[in-house]
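So the structure is just underneath, and the comments pick up after that.
The values are calculated or read from the model by the stated rules, or taken from the named source; none is laboratory data. Since this is a predicted model, take the numbers as computed values, not measurements. Cβ atoms come from the backbone with ideal geometry, glycine included; neighbour counts cover every protein chain shown. Ligands, DNA and RNA are excluded from the accessible area calculation, which covers all protein heavy atoms including side chains. Shrake-Rupley method; radii C 1.70, N 1.55, O 1.52, S 1.80 Å.
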Amino acid sequence: MVSVALSLQEIGYAIKVYSLEDGPVRAVWKSLGVPVTILRNSYKAETAVDWLNYDGILVNSVGTKGIFSCLLQEPFKSLPVIWTIHERELALRSRQYISNGQIQLIDDWRQAFNRATVVVFPNYFLPMMYSVFDAGNYFVIPGSPDQAWESNSLKAVDNQDDLLVKMGYGRDDFVIAIVGSEFSYNGLWLEHAFVLQALLPLFSDFQSNNNSSSHLKVSILRGNSSSNYKVAVEAIALKLGYPKGTVEHNGIDGDVNRFLSISNLVIYGSFLEEQSFPEILIQAMCFGKPIIAPDLAMIKKYVDDRVNGFLFPKENIGVLTQVLFQAISNGKLSPLAQNVASIGKGPAKNLMVTETIEGYASLLANVLKFPSEVRPPKVVADIPTRLKDEWQWHLFDEIIDSRDFNRTAKTYSFIDETEEHMNHTNGESSDVGRSIDEAFSYTDWEEEKLIEMINARKKREDEELKDRTDQWHGTWEEVYRNAKRADRARNDLRERDDRELERTGQPLCIYEPYFGEGAWPFLHRNSLYRGIGLSTKGRRRGEDDVDAPSRLPLLSTHYYRDILGEFGAFFAIANRIDRIHKNAWIGFQSWRATARKASLSKIAESSLLDAIQTKKYGDALYFWVHMDKDPRNHTQQDFWSFCDSINAGNCRFAVSEALRRMYGIKHDLDSLPPMPMDGNTWSVMNSWAMPTRSFLEFIMFSRMFVDALDAQMYDEHHQSGHCYLSLHKDRHCYSRVLELLVNVWAYHSARRMVYINHESGLMQEKHKLKSRKGHMWINWFSYTTLKSMDGDLAEEFDTDHPTRRWLWPSTGEVFWQGLYEREQKLRHRQKEKRKQQSKDKIARIRKRSRQKIIGKYIKPPPEDRGNSSSTTSAATL
């Protein structure tokens, strides 16, 4: 990665490194002038990094998978990610996951593989090992310094003679390793048999020179040590006449490097044409071993016969025997073979460096899409030759000698961590299910069912009795009135958190628009700030954030949510603002300003609140992120030049065309609202505050301006994704123009513009009103003009009901004086109608015919009641 980064720097790329832990390579990056940031290492790396600051991300190693938890969330989901994987351990583990039914582990890893734009492997065998995770985004860039690094590390640790004894060989044994392709194919065993047959004359020569016992040992490296191939190899050797124990099989799942280091000669025994140079031959050459290989196209490209290796024609296996006698003499390597091995060792350390460097540079050129203000990098051919000839070994001299630099062990540790995390999660869910089953036995469930049946029967009986009793029903007006009273009571009784209560009494509320969970770490959590989510799905849980799509349905459309960006939050807040915003002042702050450490400090917040309460500058625009410090403005351009640079050079045209459409000017508008370069600066990143009344005026202007932009760009952009404000397909299109729009409105509507230092809170008025005389287009931006235009649009929508596609009505309220008068008349008519209905009802009651009285009961006096009772008694007696 250091070698690739150094080459990329040479052709114009800027590099920054993030590492999950500190280590010795930090000094290497520092020597190249590359900044390094250490992130917290965990299974789910929740990092507070604004990845949108970068045009692409190069992720190295399986152990960095935790970073994908951030990159899987908005707003980072579309950022190009190139993931380089060298390790084999995960591919081997994936087979265990499948056999054990651990589908969640497979899905968890597959999610990361799917997120990567490109997954890069250093050879063509690894993609097949990782086929279970393949999402169609695999790519091979051959070449890696791994083999040379491992050989250097092994030689620094182990002694050659001790290794021979440990692996079961004698100190005088001559060991020949037969290696081959990592791919499995029909006929491989036959090719190994041909090689063993070619070795027979050499074996006979060893026997004639050594009367006691043979010191020639042949080992075939292939497959797993426990595979059936071992039996096949031994059977072939016995069939050819080799004594038992002379030819053995070793699996590549063992320590291949240690075995190659003790071998005297390495033979490549596969005749399959491959797309890259075999890595196992590179390992052998780095150990200083002479190699013998068939004259395959990819091998001939890097090996010259009898110079840095030996070649034999694959069609004539008999030549292999002659080559063996040239390489071995009197039971040892011949001087020619020793010279060949010595010459081949140097170039092997840097084999295929050019392919790797150019491969990554070409891949980045095809994957990355740069914004218009970025100077594109040079072409791949401009990479200096010195950087493509060898890896940057000299920068790692001290690290190579380090004994505790074990990347493989760290990879195993991370994979174990992931397994433990997933197993713990699954265990918790199964424990919950088990506890529920234990808590509720069959008897308990039967009792619960009986209770539910009794309650249902009682409820049904109560409802039937309720229908039989006389109930008083009021008028519809009383029903509506009671319902509204209940709604108000419910809203008043709603429990409010401390921040919401504190916010009610403040003069200012600053809204922080965000889209997705990736922005959560940059949002504030105090009463001065309030989040506004541009998507319902990605809102913070347990926070009093505003749901922008529910306030402005237009934002439920992906197209307009992307193209408006943070301006969509402005429209959502302004739509019926009195229902959500009760403060006299309103502000907005981009979460990216917080990520850039340009948000308001506590001191600056207090300074801003004091200025608002004391009315220090009156009706003013306060801003704290200015254009001069914007990373996109390296050359300190003026306002319109900067706008052009971030919009593919077409900002002036887009704004002038929008103003022409907006104001209904028939002829072409040659001039733009002047934004003089008077030594002052302008607001960027949508981080500012102003009076709520002024904000509504700004939104009134912005809605018409955005509608004009949409009218000229929608058709082409919606169909093809191309927008003339960007060099590539861009779903954000004119959002960068809208970012600067507040400056045009504030300057030409005669608002005071005050810059606040985000750290110290010191204030400085910019573009003072006296200096603006003769420059402002005051008539174009006055409230009277804008209100009249807004009313005309509302009247057209309300009366004509146009059927054309029209954005303006969807960005906020549609209101004009005629609509108010019509609603007032409608309310008056409804009131009169209710009065008339009431009078008619009373008249009907009075005119209702009444039935005549049939009879009347007269209560007898007390004395008569006594006589009647005594008479009854006597009669009874």
(message) Students often forget the sequence filter, so: which lysines lie under 29 Å Cα-Cα from LYS831 once same-chain residues fewer than 8 apart are removed?
(response) LYS484, LYS839, LYS841, LYS847
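Helix-derived [θ] at 222 nm for the chain: sum -39500 (n - 2.57) over DSSP H runs of at least 4, divide by residue count, nearest 500?
Result for the chain, helices only: -15000 deg cm²/dmol.
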(message) For a quick check: with amide H placed at 1.01 Å from N, whose amide H comes under 5 Å from SER19's, ignoring anything fewer than 5 positions away on the same chain?
(response) THR37, ILE38, LEU39
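Taking all protein chains together and a probe of 1.4 Å, list VAL118, VAL132 from the most accessible to the least accessible.
On the way: VAL118 15, VAL132 35 Å².
The ordering from most to least exposed comes out as VAL132, VAL118.
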(request) With a cut-off of 19 Å, note down the residues of region 696-722 whose backbone N falls inside the zone around a label point 7 Å from the Cα of VAL814 toward its beta carbon. (result) 700-711
(message) Given Cβ point charges of +1 (Lys, Arg) and -1 (Asp, Glu) and nothing else, what value in debye, to the nearest 20, does the dipole of region 236-311 about its Cα centre take?
(response) 280
(message) Longer than 20 Å from Cα to Cα, which of LYS301/LYS349; LYS239/LYS314; LYS30/LYS77; LYS166/LYS239 are they? Say none if no pair is.
(response) LYS239/LYS314; LYS30/LYS77; LYS166/LYS239
(message) Can you return the lysines within cross-link range of LYS458? Criterion is Cα-Cα under 26 Å, with same-chain partners fewer than 8 residues away left out.
(response) LYS449, LYS466
(message) So if each residue of separation counts as 0.36 nm, and I subtract the Cα-Cα distance between MET1 and LYS768, what length gain in nm does that give?
(response) 271.0 nm
(request) Let me know the charge dipole size of region 501-798 about its Cα centre in debye, to the nearest 20, where only the beta-carbon of Lys, Arg (+1) and Asp, Glu (-1) is charged. (result) 840
(request) Name the residue farthest towards the positive end of the dipole of region 78-206 from the options PHE183, LEU126, ASN100, assuming +1 on Cβ of Lys and Arg, -1 on Cβ of Asp and Glu, about the Cα centre. (result) ASN100
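From the square roots a ≥ b ≥ c of the eigenvalues of the alpha-carbon gyration tensor of region 501-798, which class results: rounded (a/c under 1.5), prolate (a/b over b/c), or oblate?
Here region 501-798 falls in the rounded category.
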(request) Would you mind estimating how fast the chain diffuses translationally, via Stokes-Einstein at 37 °C and 0.692 mPa s with the Kirkwood radius over Cα pairs, in µm²/s? (result) 93
(request) For region 611-673, compute Rh as the Kirkwood radius over C-alpha pairs and then the Stokes-Einstein diffusion coefficient at 20 °C and 1.002 mPa s; write the answer in µm²/s, rounded to an integer. (result) 149
(message) On a full-extension model of 0.36 nm per residue, what is the gain between ASN339 and VAL379, subtracting their alpha-carbon distance, rounded to one decimal in nm?
(response) 10.4 nm
(message) Quick check for me: using +1 on Lys/Arg Cβ and -1 on Asp/Glu Cβ, what's the dipole size of the chain about its Cα centre, in debye to the nearest 20?
(response) 4860
(request) Amide H neighbours of ILE267 under 5 Å, at least 5 residues apart or on other chains, H built in the peptide plane: list them. (result) ALA177, ILE178, VAL179, ILE292
(message) Expected output is a single nm value to one decimal: the length gained when fully extending between ASP304 and LYS597, i.e. 0.36 nm times separation in residues minus the C-alpha distance. What is it?
(response) 99.7 nm
(message) If you count only protein heavy atoms with a 1.4 Å probe, what accessible area per residue comes out for region 147-349, rounded to a whole Å²?
(response) 44
(message) Rounded to whole Å, give me the distance from the Cα center of region 726-749 to that of region 555-621.
(response) 17
(message) For LEU311, what residues show an amide H to amide H distance below 5 Å, using hydrogens built from the backbone and excluding near sequence neighbours?
(response) ALA293, ARG306
(request) Work out the FRET efficiency for GLU398 and LYS244 from their Cβ-Cβ distance, taking R0 = 56 Å, and round it to the nearest 0.05. (result) 0.70
(request) Taking 7 Å along the Cα-to-C-beta vector as the label spot, tell me the GLN275-LYS835 distance in nanometres, rounded to one decimal. (result) 8.7
(message) If I model a spin label at ALA365 and LYS30 as a point 7 Å from the Cα along the Cα→Cβ vector, what separation in nanometres do I get?
(response) 3.5
(request) Report the convex hull volume per residue for region 147-349, counting only C-alpha atoms, in Å³. (result) 114
(request) Using a 1.4 Å probe over the heavy atoms of the protein chains, calculate the carbon and sulfur portion of the accessible area of the chain as a whole percent. (result) 51
(request) Starting from the Cα of ILE103, step 7 Å along the direction of its Cβ; do the same at ASN60; then give the gap between the two resulting points in nm. (result) 3.8
(request) Identify unpaired cysteines across the chain, taking unpaired to mean no other cysteine Cβ lies under 4.7 Å from the residue's Cβ. (result) CYS70, CYS286, CYS509
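Express the accessible area of region 501-798 per residue in Å², computed with a 1.4 Å probe while the remaining protein chains stay in the model.
Heavy-atom SASA per residue in region 501-798 reads 41 Å².
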(request) Work out the FRET efficiency for SER720 and LYS449 from their Cβ-Cβ distance, taking R0 = 56 Å, and round it to the nearest 0.05. (result) 0.35
